[in-house]
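The values are calculated or read from the model by the stated rules, or taken from the named source; none is laboratory data. Owing to the predicted nature of the structure, the values given are computational and were not obtained by experimental measurement. Here the Cβ positions follow ideal geometry from the backbone for every residue, glycine too, while neighbour counts run over all protein chains shown.
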Amino acid sequence: MNYCSTRDNSIQATSAQAIASGISKEGGLFVPKEFPQFSYQDLCELEADDYQTRAQKIMSRFLTDFTFEELTSCVHKAYTSEKFGSDKIAPMVLLNNSTYVLELWHGPTCAFKDMALQILPHLLTAAAGKVCDGQTVVILVATSGDTGKAALEGFKDVDKTKILVFYPEDGVSPIQKHQMNTQQGENVAVCGIRGNFDDAQTGVKQIFTNDAIRQILAGHNMQFSSANSINWGRLLPQIVYYFSAYCDIMGTGEMDYKGEKVNIVVPTGNFGNILAAYYAKKMGLPIHKLICASNANDVLTDFIRTGTYDRNRSFYTTISPSMDILISSNLERLLYDLSGCDDAKVRGWMDSLKTTGSYTVDSDVLTAIHDLFYGGFATDEETKSTIKMVFDSEGYLCDTHTAVAVNVYEKYCKETGDTTTPTIIVSTASPFKFADAVLEAVSGEPMDGDDFDKVEALSALTGVDIPTPIEELKEAEVRFHNICSKEDMPHAVMQLLQID
Ligand SMILES: *Cc1c(COP(=O)(O)O)cnc(C)c1O
């Protein structure tokens, strides 16, 4: 199967090229030229499979230049019960009636990014073996917290890869910093920078595009690649769990009939997770509405309602920080699809976003969006009261991001009257990852103490067990103490790679 760029239909790539390069050279995103279809019969067959087999069957339809053995190996290295706590990998929990929670946070870093970042390194090394001839792939990441740790865990000790993560020294939580600085693995390094997240990101982009550095790397048989969320290799594994979730409830008796449609509710930031759900629908998964839930940074809610995307607005720091985003990069892939692969139009909208901060889509694209999506947002106050309400009434403890989704789903039910369609609410993080806000929501008052105290207090108050990776963190030994200025980042890369 071939891929092309959202900004230039004439730029074509194989799946290995798309994954190895991450982004198209003119700034567009790679998308598949066709979407494989899954019939009702196919779903019934997937129902009998385990998670790894479901992943293999779905991903193989997109990665036609990977061999069966390569994909088997990728899937089995990534989705193990040791790493994900059980062989369910992405378990479904019945919340009430016909509402389910799809828990995507049983991986090593307790957040949903593990679902993609555990397999991406294996896809990337297989891809690099095909298109870049045995070179070592060097991954540079700028992170504001979660992605850095998930990428480190994913790439840890993966052959022919090295990973360097830069984070803003004063811009991540103490637990996040400790998570990164205690990272195990022979091929990993972590460096704090004096600056904010934008400085880290700009620094990384400048290194990526610096010809002199690229040549030095090439001389050592290395080349850069990217693990960020616009890489097709991160999006594809996310399609799998929507199929898997649906198959898990097909036979439970909570559905009126086996091919019944479901709603999917996704707490959204960069639009990657919900885009994967849209692709699943396009491939034949019976989905009624895609419900896009945002926090106070409600740029997507406005866009879904009006057709105008406008990032010229205040940025809010919220208790669901992984959704504090004003530019949702993966939306570009949706617009490409809904405009009938009109690369010129997408290019125009993205240019306009860059120069004016906004764009407005055509009325037929907006009509399609209204057909497919519902958009809503929740404030921090609403998020906290939802955490409390869900815990008190259902005995279920959810994190702040998941609570945004629950809150917006309630608004959807009220506004549309659709209370009977079976619904899957996507849960993206363990509540212990955001113990501070979750504890305050459940107990009703802020508490003193450090994050580890709060993790323990939350467990004591709710009776919910602390996930092992968070439990172990407290005792973990700090391995990295590096701090540099943003100007020094290229030098830090050389040092960390042990090249002079
Ligand atoms: C990254 C993240 C999100 C947002 O997902 P997108 O794919 O960027 O929309 C939501 N919740 C958590 C916990 C995350 O880490």
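Read through the list (1) of a type outside the set (Ser, Thr, Tyr); (2) outside any helix (DSSP H, G or I); (3) under 20 Å from the mean Cα position of the chain (by Cα), then give the number of the only condition that LYS177 fails.
Only one criterion is unmet by LYS177, namely (2).
How about region 101-118: which of its residues are away from the ligand (no atom under 13 Å from the Cβ) and surrounded by 24 or more Cβ atoms within 10 Å (Cβ to Cβ)?
VAL101, GLN118
Looking only at region 429-444, which residues are away from the ligand (no atom under 14 Å from the Cβ) and surrounded by fewer than 24 Cβ atoms within 10 Å (Cβ to Cβ)?
Within region 429-444, ASP436, GLU440, VAL442, SER443, GLY444 qualify.
Could you count how many residues in region 1-40 are in a loop (DSSP other than H, G, I, E, B), surrounded by 18 or more Cβ atoms within 10 Å (Cβ to Cβ) and of a type in the set (A, V, I, L, M)?
Number of matching residues: 2.
Where in region 207-319 are the strands (runs of 3 or more DSSP E), entirely inside, with at least 2 residues that are buried (at least 17 other Cβ atoms within 10 Å of the Cβ)?
So the answer is 222-225, 262-267, 287-294.
With respect to the numbered conditions (1) under 26 Å from SER430 (Cβ atoms); (2) under 19 Å from the mean Cα position of the chain (by Cα), which one is the sole condition not fulfilled by LEU29?
(1)
Return only the number of the condition from (1) more than 15 Å from the chain's Cα centre (by Cα); (2) in a loop (DSSP other than H, G, I, E, B) that LEU124 does not satisfy.
Single failed check for LEU124: (2).
Whether any residue in region 376-387 is acidic (Asp, Glu), buried (at least 17 other Cβ atoms within 10 Å of the Cβ), on the phi < 0 side of the Ramachandran plot and touching a residue at least 60 places away in the same chain (Cβ under 8 Å) is what I want to check.
Yes, region 376-387 has at least one match.
Per-residue answers, yes or no, for (1) within 16 Å of the ligand (Cβ to nearest atom); (2) in contact with a strand residue (DSSP E or B) (Cβ under 6 Å, 6 or more places away or on another chain); (3) under 24 Å from GLN135 (Cα atoms); (4) touching a residue at least 40 places away in the same chain (Cβ under 8 Å):
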site: GLN201; (1), (2), (3), (4): yes, yes, no, yes
site: GLN223; (1), (2), (3), (4): no, no, yes, yes
site: ASN228; (1), (2), (3), (4): yes, no, yes, yes
site: ASN231; (1), (2), (3), (4): yes, no, yes, yes
site: VAL240; (1), (2), (3), (4): yes, no, no, yes
site: TYR246; (1), (2), (3), (4): no, no, no, yes
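Could you please find all residues in region 360-371 being crowded, with 19+ Cβ neighbours inside 10 Å and either without any contact (Cβ under 8 Å) to a residue 24 or more places away in the chain or part of a helix (DSSP H, G or I) (or both)?
VAL365, ILE369
Restricting to region 137-152, count the residues that are more than 14 Å from the chain's Cα centre (by Cα), surrounded by fewer than 24 Cβ atoms within 10 Å (Cβ to Cβ) and outside any strand (DSSP E or B).
Qualifying residue count, region 137-152: 0.
Does any residue in region 34-62 that is closer than 12 Å to TYR79 by Cβ come within less than 7 Å, Cβ to Cβ, of a residue that is buried (at least 19 other Cβ atoms within 10 Å of the Cβ) and hydroxyl-bearing (Ser, Thr, Tyr) six or more places away or on a different chain, and which pairs are these?
Within 7 Å, the pairs are TYR51/TYR79; TYR51/SER244; GLN52/TYR79; ARG54/SER244; ALA55/TYR79.
For every residue, the table says whether it meets (1) without any contact (Cβ under 8 Å) to a residue 40 or more places away in the chain; (2) farther than 26 Å from GLY129 by Cβ; (3) part of a helix (DSSP H, G or I).
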| residue | (1), (2), (3) |
| --- | --- |
| ASP65 | no, no, no |
| GLU70 | no, no, yes |
| SER73 | no, no, yes |
| LYS83 | yes, no, yes |
| SER86 | yes, yes, no |
| LEU94 | no, yes, no |
| LEU102 | no, yes, no |
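Answer yes or no as to whether ILE325 is within 16 Å of the ligand (Cβ to nearest atom), under 30 Å from ASP351 (Cβ atoms) and not in a strand (DSSP E or B).
Judged against the criteria, ILE325 is a match.
With (1) under 20 Å from LYS411 (Cβ atoms); (2) of a type in the set (Val, Ile, Thr); (3) without any contact (Cβ under 8 Å) to a residue 40 or more places away in the chain as the list, and ILE291 as the residue in question, which single condition is left unmet?
That leaves (3) as the condition not met.
Give just the number: which of (1) among the hydrophobic types (A, V, I, L, M, F, W, C); (2) out of contact with any Phe, Trp or Tyr (no Cβ under 8 Å at 6 or more places or on another chain); (3) surrounded by fewer than 21 Cβ atoms within 10 Å (Cβ to Cβ); (4) modelled with pLDDT of 95 or more does PHE66 not satisfy?
Evaluating PHE66 over (1) among the hydrophobic types (A, V, I, L, M, F, W, C); (2) out of contact with any Phe, Trp or Tyr (no Cβ under 8 Å at 6 or more places or on another chain); (3) surrounded by fewer than 21 Cβ atoms within 10 Å (Cβ to Cβ); (4) modelled with pLDDT of 95 or more leaves (3) as the failure.
Taking helices (runs of 4 or more DSSP H) that do not extend beyond region 398-475, which have at least 3 residues that are more than 25 Å from THR182 (Cα to Cα)? It would help to see each step written out before you state the result.
Working: elements: 400-416, 435-443, 451-462, 468-473.
By residue number, 400-416, 435-443, 451-462.
Listed here are the residues, each with its yes/no results for (1) basic (Lys, Arg); (2) over 26 Å from GLU410 (Cβ atoms).
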| site | (1), (2) |
| --- | --- |
| LEU235 | no, yes |
| TYR242 | no, no |
| TYR246 | no, no |
| ILE264 | no, no |
| THR268 | no, no |
| GLY272 | no, no |
| TYR278 | no, no |
| LYS281 | yes, no |
| GLY284 | no, yes |
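Could you list all residues from region 143-167 that are more than 19 Å from ILE19 (Cβ to Cβ) and either at pLDDT below 90 or among the polar types (S, T, N, Q) (or both)?
Selection gives THR143, SER144, GLY145, ASP146.
Report yes if ILE470 is at pLDDT below 95 and either aromatic (Phe, Trp, Tyr) or more than 16 Å from the ligand (Cβ to nearest atom) (or both), otherwise no.
Against the criterion (at pLDDT below 95 and either aromatic (Phe, Trp, Tyr) or more than 16 Å from the ligand (Cβ to nearest atom) (or both)), ILE470 does not qualify.
Answer yes if at least one residue in region 98-106 is more than 24 Å from VAL262 (Cα to Cα) and modelled with pLDDT of 95 or more, and no otherwise. Can you show your working first?
Filtering region 98-106 down to residues more than 24 Å from VAL262 (Cα to Cα) leaves none.
No: region 98-106 contains no residue that is more than 24 Å from VAL262 (Cα to Cα) and modelled with pLDDT of 95 or more.
Looking at this structure, is ALA128 of a type outside the set (Asp, Glu), within 16 Å of the ligand (Cβ to nearest atom) and in contact (Cβ under 8 Å) with a residue 60 or more places away in the chain?
no
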